Amino acid sequence: MMENKEELARIITAENGKPLKEAQGEIAYSASFLEWFAEEARRIYGDVIPASAKDRRVLVLKQPVGVAAIITPWNFPSAMITRKVGAALAAGCTVVVKPAEDTPLSALALGELANQAGIPAGVYNVVPCSRQQTAAVGEVICTDPLVSKISFTGSTATGKILLKHAAGTVKRVSMELGGHAPFIVFDSANVDRAVAGALASKYRNSGQTCVCTNRFLVQKGIHDEFVEKFAKSIVKELHVGNGFDAKTTQGPLINEKAVEKVEKHIKDAVSQGASVVTGGKRHSLGKNFFEPTLLTNVTTKMLCTQEETFGPLAPVIRFETEAEAVAIANAANVGLAGYFYSQDPAQIWRVAEQLEVGMVGVNEGIISSAECPFGGVKESGLGREGSKYGIDEYLEIKYVCFGGL
């Protein structure tokens, strides 16, 4: 992958529009999962358990679960494949990858590289399909008795449908579903660092990531300072444009439906009293381009604080107490990632433990890496990807009892 980094990155930018620099970063991130799980393959340890009877010996083996169906999204068309496939291959499974209909070329390119790398035919398989056939193909994959494992990254609504399909044959499932990440800035925070973290967390891939911040909660003592500095940073640092332009930091949204959702959330918020600090409308470059937007005077009754926007919209809620912030953050039915900025050690421990999410960034806006477990709680999914735990999703545990010794 790294030998073909530039070509793979250009495919990503052409397919989903993200800036080329981000696409290059994704390829390095993608390759890190293959490297990580290649190393983890030698650490699939079993166990020897002391037996309760003298004439017995008890062993525990770990074996591959079997054929794994890998269903991936368009926002990280390479990394979401390798994070799953790397673990599956290391465990000894074969895979059938169904990439998102918007971004099939990255999956096919990885298939070509798999052939070049010497992976046997039939081990890494790709099944691209049209938007019209997506539901039917997903159902076939999830109900086929030859498939033993399903790993899906995408919306919570689609995940629930796939879980129903998988139930018929009681398949192993991993689900990395929707998020609604809170980003809390307490009075004790370093505001400049919080602004930098907010910019990275919110606007990476134009806000189209499952772990990007969806609602900002800023304590009243530093609210105005944070908003002012955040707005200036947005205007200064973010540049909307063609992903192949070196100056671009914000590419287009994936399609017009995504743009319409951002517009809907802004319109709803403004109608209920929110104020547009910067942005707020489509960009002059074209129908799928949207200005990075910052809203203030936001309340929890607005759609943008109740639903995942998946776009370049940053709504800011003012709060007074720590308990209030944690309550707002935990009110969602999903819990993938959460972020907060504070310099109070006791508060850091309290809030990190109280947030109902699978991943917490403390004074940090970007937290994903191959070594760390990725996944959520509540309706954000089942299981973990990456890290030493990720390979367990593709292994069965077998107990063997030797008697008569």
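The values are calculated or read from the model by the stated rules, or taken from the named source; none is laboratory data. Quick caveat: nothing in here was measured; it's all calculated off a predicted structure. Don't worry about glycine lacking a Cβ; one is built from the backbone with ideal geometry, like all the others, and counts go over all protein chains shown.
For this structure, a couple of remarks:
- Candidate set: segment 12-54, residues that are assigned to a helix (DSSP H, G or I) and acidic (Asp, Glu); chosen: the one surrounded by the fewest Cβ atoms within 10 Å (Cβ to Cβ): 39
- Residues in segment 1-30 that are without any contact (Cβ under 8 Å) to a residue 24 or more places away in the chain and among the hydrophobic types (A, V, I, L, M, F, W, C): 9 only.
- Filtered by the rule that a residue be under 22 Å from residue 157 (Cβ atoms), among the aliphatic types (A, V, I, L, M) and touching a helix residue (DSSP H, G or I) at 6+ places or on another chain (Cβ under 9 Å), segment 333-380 gives 334, 337, 357.
- Count - residues of segment 55-82 that are in a loop (DSSP other than H, G, I, E, B) and surrounded by fewer than 16 Cβ atoms within 10 Å (Cβ to Cβ): 2
- Candidates in segment 363-388 are the residues that are touching a strand residue (DSSP E or B) at 6+ places or on another chain (Cβ under 9 Å) and surrounded by fewer than 15 Cβ atoms within 10 Å (Cβ to Cβ); of these, the one that is farthest from residue 333 (Cα to Cα) is 364.
- Cross-chain or 6+ apart pairs with Cβ under 9 Å, segment 376-405 first and over 20 Å from residue 35 (Cβ atoms), then surrounded by fewer than 18 Cβ atoms within 10 Å (Cβ to Cβ) and of a type in the set (Phe, Trp, Tyr): 383/389
- Residues of segment 347-396 classified as in a loop (DSSP other than H, G, I, E, B) and more than 17 Å from the chain's Cα centre (by Cα), total: 3
- Checked against (1) part of a strand (DSSP E or B); (2) out of contact with any helix residue (DSSP H, G or I) (no Cβ under 8 Å at 6 or more places or on another chain), residue 261 meets all criteria but (1).
- Of the residues contained in segment 389-403, one or more are found to be closer than 24 Å to residue 208 by Cβ and surrounded by 15 or more Cβ atoms within 10 Å (Cβ to Cβ).
- Positions within segment 305-331 being hydrophobic (A, V, I, L, M, F, W, C) and within 19 Å of the chain's Cα centre (by Cα), in sequence order: 310, 313, 314, 329
This table checks each residue for (1) at pLDDT 95 or above; (2) touching an Asp or Glu at 6+ places or on another chain (Cβ under 9 Å); (3) not hydrophobic (A, V, I, L, M, F, W, C).
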| position | (1), (2), (3) |
| --- | --- |
| 321 | yes, no, yes |
| 325 | yes, no, no |
| 328 | yes, no, no |
| 333 | yes, yes, yes |
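- Scanning segment 141-148 for residues that are in contact with a Pro (Cβ under 8 Å, 6 or more places away or on another chain) and surrounded by 21 or more Cβ atoms within 10 Å (Cβ to Cβ) turns up nothing.
- Looking at 91, 114, just one residue is surrounded by 18 or more Cβ atoms within 10 Å (Cβ to Cβ), over 23 Å from the mean Cα position of the chain (by Cα) and modelled with pLDDT of 95 or more, and that residue is 114.
- Qualifying residue in segment 279-297 (condition: crowded, with 16+ Cβ neighbours inside 10 Å, polar (S, T, N, Q), more than 24 Å from the chain's Cα centre (by Cα) and assigned by TED's automatic domain parsing to the domain that holds residue 195): yes
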